[in-house]
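The values are calculated or read from the model by the stated rules, or taken from the named source; none is laboratory data. Please read all numbers here as calculations on a predicted model, not as lab measurements. Glycine gets a Cβ as well: all are built from the backbone with ideal geometry, and neighbour counts include every protein chain shown.
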Amino acid sequence: MKSKVRYRRVLIKLSGEALTGNAGYGIDQTVVSDMAKQIKDIKELGVEIAIVLGGGNIYRGKMGEKKGMDRVTGDYMGMMATVINALALQDTLEKLGVETIVQTALKIEKIADPYVRKDALGHLRDGRVIIFACGTGNPYFTTDTAAALRAIEIKADILLKATKVDGVFDKDPELHKNAKFYPEISYSDVLNKNLQVMDLTAITLCKENQLPLAVFNMRKKGNLKKAVLGEHIGTIVRR
């Protein structure tokens, strides 16, 4: 089965909202368990896995700014939210027997390791799943940008963006029934058409470093495995 794997080292980007289920806020353990099982499935194929989690299910810096909070303070609060999500996923994965390390861009040494690229590469080679938390550690940068940056740093074969829709569309398919689906698209077209795939910095990083991006619906069981096997699901973004 391992010989069929197309992507040997992947970085999975999960939004914080993906952890909420139908509640719209917080962490739905049933959803986290389902994600963990899908991650374990590809781990058993011999895939080296890194993950970046957002924190929007708990707090967003931009949200606080709109209500008068200092943006930098709000962004640091959002980084702390990603740590909560990372610990929840780590605990769930380890209960399934998957050794998991959390590395944070901000030092929180009692609960996680600080991000060190060399250590991260060692953990991947030794078969551990790594969860990168706290984004880049800098305000004004999103976890999308962190995902692109970490994927490039660890030399991932592909960046897998797990969403709640089936890929990239010209407009929100949940609001527009006539939304056009793109099975494959270039980074230049994503930028030119202003498609909301990831933020501008993340897309530019991927484009400049020729890092392919797959956007797919992780709520459909088996899609993560199909993605690492190279089956054409969702949308592939590349040059």
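Selection of the stretch 30-39 for residues being surrounded by fewer than 17 Cβ atoms within 10 Å (Cβ to Cβ) and closer than 13 Å to LEU93 by Cβ yields SER33, ASP34, LYS37.
Here the condition is being under 16 Å from ASP144 (Cα atoms), at pLDDT below 95 and under 16 Å from the mean Cα position of the chain (by Cα); of VAL197, VAL215, it holds for VAL197 alone. Condition test on ALA120, is it in contact with a Cys (Cβ under 7 Å, 6 or more places away or on another chain) and assigned to a helix (DSSP H, G or I)? Judged against the criteria, ALA120 is not a match. Of the candidates ALA120, ALA86, ALA147, the single residue that is touching a Leu at 6+ places or on another chain (Cβ under 8 Å) and over 22 Å from THR30 (Cβ atoms) is ALA147. Out of TYR59, TYR7, one residue alone is farther than 23 Å from LYS220 by Cβ, assigned to a loop (DSSP other than H, G, I, E, B) and either touching a Lys or Arg at 6+ places or on another chain (Cβ under 7 Å) or among the aromatic types (Phe, Trp, Tyr) (or both). It is TYR59. Scoring MET69 on the criteria (1) part of a loop (DSSP other than H, G, I, E, B); (2) hydrophobic (A, V, I, L, M, F, W, C); (3) crowded, with 17+ Cβ neighbours inside 10 Å leaves a single failure, condition (3).
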